[in-house]
Amino acid sequence: MKVAIYPGSFDPITYGHVDILERSSKMFDRIIIAVVHNIGKKALFTLEEREKLISNATRHIPNIEIESFKGLTVDFLLEKQARIIIRGLRSFTDYEYESQIARYNKALYPEAETIFILAESKFMFVSSSGVKEAALLGGDVSSMVPPHVFEGLKQKLKEIEAHS
């Protein structure tokens, strides 16, 4: 059974992520979306909220599982007895960054392989951080995220305004 891990913060999940998952789900028997607690980023959504948003956005893809984790991706791979990491690329800058991370993962777990999937051109500019920033500044990001994610972003904006 071919199992792949798609790690990321998914804060929030975008149509670009969903596209990568739809396309890669045809290549693997099972994909585990590994929602990482990234110590270098302040998350807008909690891990539990992100898992729920991801679940709603991917319910049409039958071979998807969602789990959260802390620590190294390679440790998660070993725990799940997987060797393949899926990463989406939007630009050459993404490739430079992701290839460096892939080399670290390979050094830590030599059996690990990272596959890169190029974003569809209509999603090449979409990033979670860009979506968050635009949404929190009042921008309409409804074309970049599933409807329930857009609603979640609007709710977060209301919560932030209420605490200001």
field: Rounded tilt (10° steps) of 92-108 against the dominant C-alpha axis of the chain
entry: 50
message: Quick check: net charge around Gly138, other residues with Cβ under 14 Å of its Cβ, Lys/Arg +1 and Asp/Glu -1?
response: +1
task: Would you mind checking the tilt of helix 147-162 against the longest principal axis of the Cα atoms of the chain, expressed as 0 to 90 degrees and rounded to 10?
output: 60
Stokes-Einstein D for segment 32-107, Kirkwood Rh over Cα pairs, 25 °C, 0.890 mPa s (µm²/s): 175
- prompt: Going by how many other beta carbons lie within 10 Å of each one, how would you line up Asp29, Asp94, fewest first?
  reply: Asp29, Asp94
- line: Ranked from fewest to most other Cβ atoms within 10 Å of their own Cβ, Asp19, Asp140, Asp75, Asp11 fall in the order Asp140, Asp75, Asp19, Asp11
query: Helix 47-58 sits at what angle to the longest principal axis of the chain, using alpha carbons and giving 0 to 90 degrees rounded to 10?
result: 80
message: Tell me the Kirkwood radius of the chain: reciprocal of the mean inverse pair distance over distinct alpha-carbon atoms, in Å.
response: 16.3
- prompt: Within the chain, how many Lys pairs sit with Cα atoms under 15 Å apart, leaving out pairs fewer than 8 places apart on the same chain?
  reply: 12
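Quick note: the coordinates plus some simple rules give every number you see, no bench work behind them. In this text the structure is predicted, and so the values were computed from the model without any measurement. Virtual Cβ from ideal backbone geometry, glycine too; neighbours counted across all protein chains shown.
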